[in-house]
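Beneath this line is the structure, given in structure tokens, with notes to follow.
The values are calculated or read from the model by the stated rules, or taken from the named source; none is laboratory data. A quick note: this is a predicted structure, and the numbers were derived from the prediction, not measured. Every residue, glycine as well, gets a Cβ built from its backbone with ideal geometry; the counts of neighbours run over all protein chains shown. Surface accessibility is based on the protein's heavy atoms, side chains included, excluding ligands, DNA and RNA. Shrake-Rupley method; radii C 1.70, N 1.55, O 1.52, S 1.80 Å.
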Amino acid sequence: MKLTHFLRAVSAPILLLFVKTSHAQLDYIGHFNNATMGGSAWVKAGTLAIPQAGFSATITFYGGSGFNAQTAQNAQVELNIRTSNGGSLADGAYPVSAVATILGENTGFANIIRLVPNVAGVSPASYDVYFSTGSYIGVGYYRVTSVSGITWTHAMVQATPPAGYNVRLEFRTQTDTWLARNALFASAATGNVGIGTLTPDEKLTVNGVVRAKK
């Protein structure tokens, strides 16, 4: 082969084919549509179809109760759900565990959440999601997110739930906790709490004057 032919051969354009794979994910946004009016009630948000194999999903409720736009009527509640291994029961004799946290001042908004499996035992395929909430829920919205293979069916109607897994609101930290710019400090290592100090040497250490009223 002549040198010129060789150079033409090696300098020819090379076509590289990149195949991009994607996995559809669950990302559903729905609304409350005034599910409660003049009184507090249980509401069925919808049905989450999720396998028993350590799958997780998150449902976040944005809104509150009341129509006066007060800070005490506004809140955000996040619910994290995780299924079991398909062969054992977890918290409360259900094959699922869940935690929920709240932001804001409206403690009556979605303050109890209940998951009801479609069948008893270790291998339900779906859970109805209910929450107890205050009056005049308004037109807030919620979002359901997870990976592919999990689906959500919207309901958002008043309905009294059967027995199920109760998810209470909580806020928990596993490490040292600082609140309000160090006004309150809790040590994960010792369990000591300090008010006005970051070095509590007793179960409760206060740097300042303590006033109590009976």
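Expressed as a whole percentage, what fraction of the accessible surface of the chain belongs to carbon and sulfur atoms when a 1.4 Å probe is rolled over the protein heavy atoms?
Roughly 55 percent, rounded to a whole number.
Can you work out the Karplus-derived ³J(HN,Hα) for every residue in the stretch 92-102? Use 6.51 cos²θ - 1.76 cosθ + 1.60 with θ = phi - 60°, whole Hz, and x for glycine or proline.
These are the phi-based 3J(HN,Hα) values: x, 6, 10, x, 7, 10, 7, 10, 9, 10, 10 Hz.
Roughly how many whole Å is it from the C-alpha centroid of the stretch 66-113 to that of the stretch 172-214?
That distance is 27 Å.
Please give every one of the aspartates and glutamates within straight-line cross-link reach of LYS203, meaning a C-alpha to C-alpha distance under 17 Å, and leave out same-chain neighbours fewer than 8 residues apart.
Of all the aspartates and glutamates, those that pass the test against LYS203 - Cα under 17 Å, at least 8 places apart if same chain - are ASP176.
Note down the relative contact order for the chain as a percent, whole number, built from C-alpha pairs under 8 angstrom at least six residues apart.
Once normalised by length, the contact order is 26 percent.
I need the peptides 174-180, 33-39, 78-84 ranked by packing, meaning the mean over residues of other C-beta atoms within 10 angstrom, with the highest value on top.
Per-residue Cβ counts within 10 Å, averaged per peptide and sorted highest first, yield 78-84, 33-39, 174-180.
Using the heavy atoms of the protein chains and a 1.4 angstrom probe, tell me the accessible area per residue for the chain in square angstrom.
Per residue, the chain has 63 Å² of solvent-accessible surface.
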